[in-house]
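Q: Sharing a structure below in structure tokens format, with a few things to ask.
The values are calculated or read from the model by the stated rules, or taken from the named source; none is laboratory data. Treat the numbers as computed from the prediction; the structure is a model and nothing was measured. When we count neighbours, we look across all protein chains shown, and the Cβ atoms used for this are built from the backbone with ideal geometry, even at glycine. Areas reflect the complete protein model, heavy atoms only, side chains present, ligands, DNA and RNA absent. Shrake-Rupley method; radii C 1.70, N 1.55, O 1.52, S 1.80 Å.
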Amino acid sequence: MRVRIDLAYDGSDFHGWAAQPDLRTVQGELEQALGTLLRMPVDVTCAGRTDTGVHARGQVVHVDLPEDRLATLAGRSSLSALDALTRRLGGLLPPDIRVHRVGAAHPDFDARFAALSRSYVFRIADQPATADPLHRNHVLWWPRPLDEAAMAHAAPALVGEHDFAAFCKRREGATTIRTVLSVGVART
């Protein structure tokens, strides 16, 4: 059965999404938890990998699981197998990963290729009064005042289709061309 998992994570203590030997990653934690619950190795596919220290609120993952193993998760409870999986993952995963929803997916669903868009938010504090140490892992401290009017004026130039090769490593068969749908700048 193909299963879709929607989750969120605080990436502060992770070496990104992708599993890496001897490093703590989101994929590694999720696959380990699923493997423990189902007593078998599990491979997951995500909508988009994140780098070290990057957080996610709406990461989508798919995984193919044997229905007979899923059925055992509910035990004697009245929970469905997928509800039991949601609850048991919540108890097994570390507190910096939270599963929001688990559901059956169409057999052709692919988390990576079904994504219609991705949204990113970058938070920057540029005033001492806004540099909250409780948000140090979620807000970048910038020691000089930013001109949000100039940033907002320049932002529309990023909208549209552009080649971002200068910002990434080239990979065989991969494109660096992306379409930016919107960019906004706001001071809160």
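Q: For the chain, set up a Gaussian network in which alpha carbons nearer than 10 Å are linked by springs, and say which option among Gln32, Gln59, Gln127 fluctuates the most.
A: The residue with the greatest mean-square fluctuation here is Gln127.
Q: Something else now. Obtain the radius of gyration and the Kirkwood radius of the chain from its C-alpha atoms and give Rg over Rh.
A: Numbers: Rg = 19.6 Å, Rh = 19.0 Å.
Over the Cα atoms of the chain, Rg/Rh equals 1.03.
Q: Would you mind telling me the share, in percent, of accessible area of the chain contributed by carbon and sulfur at probe 1.4 angstrom? The partial results should precede the final answer.
A: Values: 6910 of 12870 Å².
The C+S portion of the solvent-accessible surface of the chain is 54 percent.
Q: To continue, here is another question. Once you've got the GNM for the chain with C-alpha springs shorter than 10 Å, pick whichever of Arg170, Arg39, Arg24 has the biggest mean-square fluctuation.
A: It is Arg170.
Q: Follow-up question, since we're still on this one. How big is the dipole moment of the range 1-58 about its Cα centre under a simple scheme where the beta carbon of each Lys and Arg is +1, that of each Asp and Glu is -1, and everything else is neutral? Debye, nearest 20, please. All intermediate terms of the calculation are to be shown ahead of the outcome.
A: Working: 6 positive and 8 negative charges, 54 e Å.
So the magnitude is around 260 debye.
Q: Separate question: Of the candidates Ala154, Ala71, Ala56, which one comes out as most mobile in a Gaussian network treatment of the chain with C-alpha springs shorter than 10 Å?
A: Top of the fluctuation ranking is Ala154.
Q: Let me ask you something else. What size of dipole, in debye to the nearest 20, comes out for the range 1-144 about its Cα centre when the only charges are +1 on Lys and Arg C-beta atoms and -1 on Asp and Glu C-beta atoms?
A: Details: 17 positive and 17 negative charges, 58 e Å.
So the magnitude is around 280 debye.
Q: When the Karplus curve 6.51 cos²θ - 1.76 cosθ + 1.60 is applied with θ = phi - 60°, which whole-Hz ³J(HN,Hα) does each residue of the range 46-51 get, with x for Gly and Pro?
A: Values, residue by residue: 10, 5, x, 6, 10, 8 Hz.
Q: Over the alpha carbons of the range 61-166, what is the largest minus smallest coordinate on each principal axis, giving the biggest first in Å?
A: Between the extreme Cα coordinates on each principal axis of the range 61-166 lie 60, 37, 22 Å.
Q: Another question, then. Which order do the peptides 3-16, 110-123, 74-87 come out in when sorted by mean C-beta neighbours inside 10 angstrom, highest first? Mind showing how you got there, number by number?
A: Numbers: 3-16: 18.6, 110-123: 10.3, 74-87: 15.1.
With the highest mean Cβ count within 10 Å placed first, the list reads 3-16, 74-87, 110-123.
Q: Can you tell me the accessible area per residue over the range 14-67, all protein chains present, probe 1.4 angstrom, in square angstrom?
A: Normalised by residue count, the accessible surface of the range 14-67 is 52 Å².
Q: Check Phe109: other-chain or 5+ apart residues with amide H under 5 Å from its amide H, H built from backbone geometry?
A: none
Q: Return the sequence-ordered ³J(HN,Hα) values of the range 17-24 in whole Hz as given by the Karplus equation 6.51 cos²θ - 1.76 cosθ + 1.60 applied to θ = phi - 60°, using x for Gly and Pro.
A: For the range 17-24, the Karplus curve yields 6, 5, 4, 9, x, 6, 10, 7 Hz.
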